[in-house]
Amino acid sequence: MLKLNLMLNNKSIQNWQDYLASELPQISYIIEKHGYTLTEDQPHIKGERFLMQAVTTTAGKKLILYATNQAGKTVVVKATRDWAGKQELLHERKCRTLLHQLNFSYDTFHSPTELAFLEQNKFIIVITEFIEQTSSFLDRPIEEQFSFSLTALKAQEGTRATTAGHIRSIRKVFNYRTSADYLNLHTGFLTFLKQNAVTDEIINLVFQSHEKLTQQQTYIEQYGGFLTHTDFVPHNFRIKDQTLYLLDFSSLQFGNKHESWARFLNFMTLYNSELETLLINYVEQNRAPEERESLQLMRLFRLGEIITYYAKNVAQSADALKTLNQERVQFWADVLAAELQNTRVSREIVTNYQTSRDQLRSKEEKERQVGLH
């Protein structure tokens, strides 16, 4: 059995350890009968993984694990016996299949080869190839980062549901967000924050965002109907032989074309501000002014989401992790304040936050983060 070295600092972590202790031996038993062995080190179950639940989607419990086949080659194992987790894995398979079949999709989305699909002992287990890459995305030259990210974002833009027939075909599998859906979701963020001891300053920032989203709803709708990825960040894709492989198909949906742009840019605010600037400049110099407005609206939406995400995590945390989540709420509020003025947050704020974050992170979370991006 794998070694579990989780720091028990609150009930949430205890529940996570109990969950792992229950699931891992059974998953190991099932896949070994098919020629796969779980590896000793499992980075995706370490650190803060127990806190990761989506804010705008209903995510079930599932484990993402590494294993080796009989030849010693690494594979990826996604496994669950949780009902919602099963639905997510089945949904991801349907998304991947339908996306490759759409007659109005004009770019190919590459995905790891599925090696096995197992339904046994109430589990669903999906085993796929592991995409080896010579360099992580953020370690690549900035020119490569810009080229790969822009190509991937454009590929998503190449798939748009423009007819009633298109919409009927995708609604069978994909979530479809309208401008009203974005406003309703953002209303939920604002309501939660008002009820959960967030500062008046932060509530006011999210309220200002909500007013802007409401007043400029036309721009959100104008660029709707596009394929978008709600979690388009480097740890959800890998690059091999100059080809980008998408790892997470469960986060694909149809909605505003700039939602995946916004998620990616918010990530780069923290990890690579140079790339953030290059992509924003690209939109300002090569796209219509209305597109720039739409992009900013989606950034405001996604910033409200991430503030809510970490505000929810505060209640699930204790000690240093609770302090860290409180600082995350404030940091993303600072980013939101800058974005409302159509400026970028100061590098001093980013650097100070990164220093504090690294001091407060647990040893296991630091290990989990190695090579993640």
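The values are calculated or read from the model by the stated rules, or taken from the named source; none is laboratory data. The structure presented is a predicted model; accordingly, all values stated were derived computationally and were not measured. Cβ placement follows ideal geometry from the backbone for every residue including glycine, while neighbour counts extend to all protein chains displayed.
If we keep just the residues of the range 245-276 that are assigned to a loop (DSSP other than H, G, I, E, B) and not aliphatic (A, V, I, L, M), which is nearest to residue 158 (Cα to Cα)? Don't jump to the end; show me each part of the working.
Applying the first criterion (assigned to a loop (DSSP other than H, G, I, E, B)) to the range 245-276 yields 247-251, 256-258, 272.
Okay, now just the ones that are also not aliphatic (A, V, I, L, M), so 248-251, 256-258, 272.
Details: 248: 19, 249: 17, 250: 19, 251: 17, 256: 13, 257: 10, 258: 13, 272: 26 Å.
If we take residues in the range 245-276 being assigned to a loop (DSSP other than H, G, I, E, B) and not aliphatic (A, V, I, L, M), then 257 is nearest to residue 158 (Cα to Cα).
For residues that are surrounded by 15 or more Cβ atoms within 10 Å (Cβ to Cβ) and not hydrophobic (A, V, I, L, M, F, W, C), scanning just the range 189-211, find the one that is nearest to residue 326 (Cα to Cα).
Residue satisfying both the conditions and the ranking: 209.
Every residue, every condition in (1) surrounded by fewer than 15 Cβ atoms within 10 Å (Cβ to Cβ); (2) modelled with pLDDT of 90 or more; (3) outside the structural domain of residue 267 (by TED's automatic domain parsing), yes or no:
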site	(1), (2), (3)
66	no, yes, yes
71	yes, yes, yes
77	no, yes, yes
92	no, no, yes
103	yes, no, yes
112	no, yes, yes
119	yes, yes, yes
156	no, no, no
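Filter the range 203-232 down to the residues that are aromatic (Phe, Trp, Tyr) and in contact with a His (Cβ under 8 Å, 6 or more places away or on another chain) and list them by number.
Here is the first cut: in the range 203-232, the residues aromatic (Phe, Trp, Tyr) are 207, 219, 223, 226, 232.
The answer is 223, and nothing else.
With the condition kept exactly as written, say whether any residue in the range 333-349 is assigned by TED's automatic domain parsing to the domain that holds residue 192 and under 30 Å from residue 134 (Cβ atoms).
Taking every residue of the range 333-349 in turn, at least one turns out to be assigned by TED's automatic domain parsing to the domain that holds residue 192 and under 30 Å from residue 134 (Cβ atoms).
So which residues in the range 266-291 are exposed (fewer than 15 other Cβ atoms within 10 Å of the Cβ) and over 21 Å from residue 138 (Cβ atoms), if there are any at all?
Matches in the range 266-291: 284, 285, 286, 287, 288, 289, 290.
What helices (runs of 4 or more DSSP H) completely inside the range 112-230 contain at least 3 residues that are farther than 30 Å from residue 330 by Cβ? If you could, list the steps in order and put the result at the bottom.
Details: elements: 142-157, 164-171, 179-195, 200-215, 217-222.
Fully inside the range 112-230 and qualifying: 142-157, 164-171, 217-222.
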